[in-house]
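**Q** The structure's right below; bear with me while I get my questions together.
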Amino acid sequence: MEKIKFQIDNKECEALYGQMLVDAARDNGIYIPTLCNMQGTNPCGSCRVCTVKINGRYATACTTPVACGMEIESETDEIQEIRNALIELLFNEGNHFCPTCEMSGNCDLQALGYRFDIMAPRFSYQWPKRAVNTDCPYLIIDYNRCIRCKRCIRSIKDEQGKSYFAFLNRGDKIEVSIDTMMAKNMSKELAELAAKNCPVGSILLKGTAYKTPIGERKYDKNRIGSCVENAQLTAKMEELK
Amino acid sequence: MSKKITIEPVTRVEGHGKVTIHLDENNQVTQSRLHIVEFRGFERFVQGRPYWEAPVLVQRLCGICPVSHHLAAAKALDQIIGVGPKGLTATGEKMRRLMHYGQVFQSHSLHFFHLASADLLFGYDADPKTRNVIGVINQFPDLAVQGVMMRKFGQEIIKATAGKKIHGTGAIPGGINKHLSIEERDFFLHSPDPMNVDKMIDWSVAAVQLFKDYHAQHTDFIDNFAQFPSNHMSIVREDGAMDLYNGLIRVVDSEGNIILDKIENQDYHKYIEEEVKTWSYMKFPYLKSLGKEKGWYRVGPLARLNTCDFIPTPLAQKEFEIYKAYTNGKPNNMCLHTHWARLIEILHCAEMMKELLNDPDLLKGDLVTTGLKGNEGVGIIEAPRGTLFHHYKVNDDDTIKMANLIVSTTNNNEPMNRSVNFVAKSMMNGKTEITEAMMNAVEVAIRAYDPCLSCATHAIGKMPLEIKMYNAENNLISEIKS
């Protein structure tokens with residue numbers, strides 16, 4: 001298949017035609033942070049955390065196919081600052097109490113907070129009043145932690161392709177909701193998938209909380225994105241041998 | 001002209017509190033109170049949360065003994081998932097016990113060496129510039145290092161069992177989430193001195209001796225300072241042995257007569273009620289059968305050594321016998337003997353840790369068990385400061401409907417107030433000027449209980465000491481700040 005040549009932060013990269021920028025970067029050993037992006041579903045660019053600058057214009061890397069000759073700025077101070085602010089805003093507009101959250105150590109948002117050294121918020125907390133939904137017998141859905149990434153809406157569907165989840169309300173009042181009747185009949189397998197696909201601690205599978213000891217959780221030893229970076233490092237080491 | 005004295009906040013305790021002392025026209029103490037001035041909201045804001053969050057959420061009450069809350073909540077949730085007090089797997093129960101004994105060991109060490117020892121080593125009326133933990137480090141460096149290392153050992157035990165030294169996640173409903181690794185076990189058993197359990201036992205024996213020597217030299221002060229009769233409560237093992245993790249409720253009176261015995265944890269509310277008073281955020285628990293006036297009781301090390309029949313480890317039992325002989329087998333009602341009892345418990349914890357560390361069940365076996373789900377659970381544990389109650393009711397959708405926490409310091413509310421009153425009357429009656437020494441004497445009485453006011457109230461903030469005198473018109477006439 002035809003290979004496309006482009007640059008990320010002045011590094012020469014190659015990608016397959018039609019590949020999204022975030023995936024192409026990964027294949028070239030460059031980590032671009034994402035929260036809403038999920039392999040196997042159509043990208044939607046809702047979280048904006050993968051913002052890059054392409055030939056001088058801002059764009060989201062998860063929704064932009066790579067094109068020949070693109071010059072992309074990713075880890076520049078300007079872009080990192082934008083991402084930092086976006087991540088902070090996600091923390092501030094929800095109710096994220098990491099110390100007691102059962103997803104602590106496995107949460108992508110928390111992991112990005114650590115990666116971006118977010119120590120204290122610069123924006124004021126919104127403290128929204130949000131509910132906990134228990135319609136599905138296998139799940140607890142805690143909307144306090146929802147970042148509206150739409151992963152659940154895009155990936156959790158019945159046999160006819162109807163989504164269990166949907167957006168409710170508009171603007172800053174928008175929130176994810178689950179169809180009550182469909183939730184009651186959701187299979188355990190689908191519930192497990194919904195919990196797995198949630199990047200934060202919003203969709204929680206009952207009976208699994210805190211079962212992984214501290215030290216063995218997803219991000220206890222490796223920061224988010226390190227698998228992409230380490231893969232590149234390993235490849236370079238092999239080359240040197 | 002009547003006066004009002006305020007000590008605010010009380011220092012070298014965990015949390016925030018103030019003392020007010022009212023004097024009449026002849027400078028006689030008419031009333032003294034320990035006020036807990038911060039609001040706590042944990043019982044309310046856990047409502048609606050998934051029940052399994054409780055052990056991790058509620059432990060955030062405190063950074064000193066979060067393990068006690070973590071385990072009390074886990075014990076309550078065990079019942080909600082259908083696992084009785086004896087239904088855990090051997091690994092689950094023993095890992096939790098190791099966590100708990102590590103917790104009590106480190107918390108008692110912190111209290112005695114860091115917070116209270118300065119009063120004993122320098123005297124409660126010594127210069128406050130030296131009468132503090134820095135003074136202890138400067139003048140008794142070996143003792144200070146011992147205190148620091150003992151606390152560190154307990155904290156490392158907590159980390160190995162709960163995942164973190166503070167606010168871990170080890171105990172989950174129905175068990176524990178990890179085994180002890182061979183490396184962790186060997187670290188505690190075979191590390192070079194001082195970080196091994198044998199050294200901890202040696203140091204604990206020495207700490208008990210330190211207090212006994214001090215007592216021999218200051219018998220009058222130790223025996224008579226804020227000494228008054230009271231009832232005593234704790235959980236004890238079915239055979240009457242001291243058991244800090246699991247047991248049945250026992251209450252004895254000041255003469256040793258049994259008031260309550262073999263009370264199942266889930267029945268606590270049939271025997272205990274809490275009174276609310278307008279001047280404090282901390283409630284006043286009492287025994288229903290005896291009423292508010294006579295039903296108050298003490299909890300903590302002093303109470304535990306008064307309620308148990310024996311201590312099931314040899315060295316601590318030996319010290320227990322000496323301790324009991326001092327009061328001819330009767331309950332000990334001497335406030336400052338709480339430190340003695342606390343040090344005997346430190347020794348017991350060290351021995352228990354050694355016994356558990358040598359138990360192969362910690363290294364292998366099932367971690368979790370389950371049963372038939374229910375909607376209500378009560379977990380009672382002997383926290384460092386005394387009996388701790390966690391009571392939860394759960395909705396059918398697994399969210400928490402009701403939580404009631406009676407923390408150790410709350411149980412000691414009335415005794416602490418009585419101790420304050422005792423010291424205020426004995427030291428301030430007839431005095432026109434309140435000195436720093438008098439002020440500290442009041443705190444020494446409170447400090448004997450090792451109160452965790454942050455635990456009882458979820459307090460935050462600095463703890464400067466301030467004392468104010470008011471005249472009858474409520475005008476400030478004198479003020480001292482530390």
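**Q** Restricting attention to the range A:130-190, which GluC sites (Glu not before Pro) occupy a DSSP loop and are surrounded by at most 11 other Cβ atoms within 10 Å?
**A** A:GLU159
**Q** Also, I was wondering about something else. Got a sec? How would B:TRP203, B:TRP52 order by Cβ neighbour count within 10 Å, fewest to most?
**A** Taking fewest neighbouring Cβ atoms as first place, the list is B:TRP203, B:TRP52.
**Q** Keeping to pairs on different chains or 8 or more places apart, tell me how many lysine pairs in the range A:86-205 have Cα atoms under 17 Å apart.
**A** 9
**Q** How far is helix A:188-197 tilted off the main Cα axis of chain A, in degrees rounded to 10, range 0 to 90?
**A** Once rounded, one gets 40 degrees.
**Q** While we're on this one: Sum up the charges of everything whose Cβ sits under 15 Å from the Cβ of B:LEU372, counting Lys and Arg as +1 and Asp and Glu as -1, but leave B:LEU372 out.
**A** -3
**Q** State the Cα centre-to-centre distance between the range B:381-426 and the range B:168-207 in whole Å.
**A** Rounded to whole Å, the Cα centres lie 28 Å apart.
**Q** Which value, in Å³ per residue, describes the convex hull spanned by the Cα atoms of the protein assembly as shown?
**A** 202
**Q** Provide, for q = 0.07, 0.14, 0.15, 0.18 Å⁻¹, the log10 of I(q)/I(0) from a solvent-free Debye sum over equal Cα point scatterers in chain A.
**A** Rounded to two decimals, the profile gives -0.26, -1.00, -1.13, -1.44.
**Q** I've got another one for you. Averaged over peptide B:397-403, how many Cβ atoms belonging to another chain are found within 10 Å of each residue's Cβ?
**A** Counting other chains' Cβ atoms within 10 Å and averaging over B:397-403 gives 2.
**Q** Full-extension gain between B:THR370 and B:LYS330, please, as 0.36 nm times their residue separation minus the C-alpha to C-alpha distance.
**A** The span from B:THR370 to B:LYS330 would gain 10.1 nm if fully extended.
**Q** Hey, in the GNM for chain A with a 10 angstrom Cα cutoff, which one of A:ILE214, A:ILE79, A:ILE87 fluctuates hardest?
**A** Fluctuation is largest for A:ILE214.
**Q** Could you order the peptides A:232-239, A:218-225 from most to least packed, using the average number of other C-beta atoms within 10 Å per residue?
**A** A:218-225, A:232-239
**Q** To the nearest 10 degrees, how steeply does helix B:66-80 sit against the main Cα axis of chain B, on a 0 to 90 scale?
**A** The helix B:66-80 is inclined about 50 degrees to chain B.
**Q** If we count every other residue with Cβ under 12 angstrom of A:LEU90's Cβ, Lys/Arg +1 and Asp/Glu -1, where does the sum land?
**A** +1
**Q** Can you tell me the relative contact order of chain B? Whole percent, Cα pairs under 8 Å, sequence separation 6 or more.
**A** Relative CO of chain B lands at 28 percent.
**Q** For the range A:86-205, take N as its residue count and report Rg(C-alpha) divided by 2.2 N^0.38 Å.
**A** 1.07
**Q** Now for a separate question. Tell me which residues come under 5 Å, amide H to amide H, from B:HIS35 once H is placed; ignore anything under 5 positions away on its chain.
**A** Under 5 Å from the amide H of B:HIS35: B:LYS18, B:VAL19, B:THR20.
**Q** Compute the distance in nm between two label points, each set 7 Å from the Cα along the Cα-to-Cβ direction, one at A:TYR125 and one at B:GLU293.
**A** About 4.7 nm separates the two model spin labels.
**Q** Here's a follow-up. Go through the range B:214-230 residue by residue and turn each phi into a ³J(HN,Hα) via Karplus (6.51, -1.76, 1.60, θ = phi - 60°); whole Hz please, and just put x for glycine and proline.
**A** The phi angles translate into 5, 4, 4, 8, 10, 4, 4, 5, 5, 6, 9, 6, 6, 9, 7, x, 7 Hz.
**Q** Please list the non-local residues whose amide H lies under 5 Å from the amide H of B:GLU275, H modeled 1.01 Å from N, same-chain partners needing a gap of 5 or more.
**A** Amide H to amide H, under 5 Å and 5 or more residues apart or across chains, B:GLU275 pairs with B:PHE284, B:TYR286.
**Q** Give the average, rounded to an integer, of partner chain Cβ atoms located within 10 angstrom of each Cβ in B:169-178.
**A** 4
**Q** If you don't mind, another one. First select every other residue whose beta carbon is under 14 angstrom from the beta carbon of A:ASP77; then total the charges, Lys and Arg +1, Asp and Glu -1.
**A** Residues close to A:ASP77 contribute a combined charge of -4.
**Q** Just to compare against my own numbers: the Cα pair-distance distribution for the range B:96-174, 5 Å bins, whole % per bin, please.
**A** The distribution over the range B:96-174 is 3, 17, 22, 17, 13, 11, 9, 5, 2, 1, 0, given as percents.
**Q** So which trypsin sites (Lys or Arg not before Pro) in the range A:162-196 pass both tests, a DSSP loop state and at most 13 other Cβ atoms within 10 Å of the Cβ?
**A** Taking the range A:162-196 and a limit of 13 other Cβ atoms within 10 Å, the loop trypsin sites (Lys or Arg not before Pro) found are A:LYS162, A:ARG170.
**Q** How high is the relative contact order of the range A:86-205, in percent, with contacts defined as C-alpha pairs under 8 Å that are six or more residues apart?
**A** 30
**Q** Report the calculated FRET efficiency for B:ASP267 and B:ILE166 (r = Cβ-Cβ distance, R0 = 35 Å), to the nearest 0.05.
**A** 0.60
Taken together, the values in this text are just the output of simple stated rules run on the coordinates, not laboratory data. Bear in mind the structure is a predicted one, so any value in this text is a computation, not a measurement. Note that each Cβ is placed from the backbone with ideal geometry, even for glycine, and that neighbours are counted across all protein chains shown.
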